[in-house]
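The values are calculated or read from the model by the stated rules, or taken from the named source; none is laboratory data. Bear in mind that the values here come from a model prediction, so they are computed numbers and not experimental data. As a convention, Cβ positions derive from the backbone with ideal geometry for all residues, glycine included, and neighbour counts pool all protein chains shown. For accessibility, only protein heavy atoms count, side chains too; no ligands or nucleic acids. Shrake-Rupley method; radii C 1.70, N 1.55, O 1.52, S 1.80 Å.
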Amino acid sequence: MSDYQVTRIGAPEQWRDFHGGFDETRARDGRRVIDHELTMQYIGMTANALVPGEEAGYWHVHEKIEEMYVFLAGRGQMGLDDDVVDVEAGTVVRVGQGVWRTWRAAPDSQSELRWLCIRAGGEQLPHMPDDSRRGPDRPMPW
């Protein structure tokens, strides 16, 4: 058996229907912690959806974890330390350790604000992955 897993999180339009969180006290509608469903070792990911006008309602900061927010739909804003950054579909925000962060969906957004938050920690990644190799003689499976 190969070391991989598959889960289906549904289309982004379905993400709001999920209720979840890192623990029960932090669960909310529109959050799904994908790494609780898969055997993740070095990265984590949540799928998120906020209705227009909804906000996180809290700030948070990480000492060891780096996060990347990939916005897929809607419009909103992120608070990053003392700055406010507008976000929309196609915006990618990297947030390093020690940076306070929060977010909200714009009240006049035409759709839910939907994003993936990818979390990682550990060793710094090389600019080009140096642990891969190609298999030019391996036939394609399709």
Extreme residue, positive dipole direction of the stretch 42-137, given options Gly122, Ala73, Ser132 (C-beta unit charges): Ser132
Nearest-20 debye value, the chain charge dipole, Cβ charges on Lys, Arg, Asp, Glu: 360
Exposure of Glu54 as accessible area (Å², to 10), given a probe of 1.4 Å and all protein chains: 50
Inter-site label distance for Asp137 and Asp35 at 7 Å from Cα along Cβ, in nm: 3.9
Distance-filtered residues of the stretch 49-65 - backbone nitrogen under 17 Å, label point 7 angstrom along Asp17 Cα→Cβ: 49-51
Karplus (6.51, -1.76, 1.60) ³J(HN,Hα), θ = phi - 60°, over the stretch 45-58, in Hz, Gly and Pro reported as x: 8, 10, 9, 9, 8, 10, 6, x, x, 7, 10, 4, x, 7
Portion, in percent, of the accessible area of the stretch 1-109 that falls on carbon or sulfur, probe 1.4 Å: 50
Solvent exposure of the chain as accessible area per residue, Å², 1.4 Å probe: 72
For Leu72, residues with placed amide H under 5 Å, excluding near neighbours: Gly90, Arg114, Trp115, Leu116
Global geometry of the stretch 48-142, whether rounded, prolate or oblate, following the gyration tensor of its Cα atoms and the 1.5 cut on a/c: oblate
Rounded, prolate or oblate (a/c below 1.5 giving rounded, otherwise prolate when a/b exceeds b/c) for the stretch 1-89 by Cα gyration tensor: prolate
Under 5 Å, built H, 5+ apart or other chain: amide partners of Gly53: Ala105, Ala106, Ser109
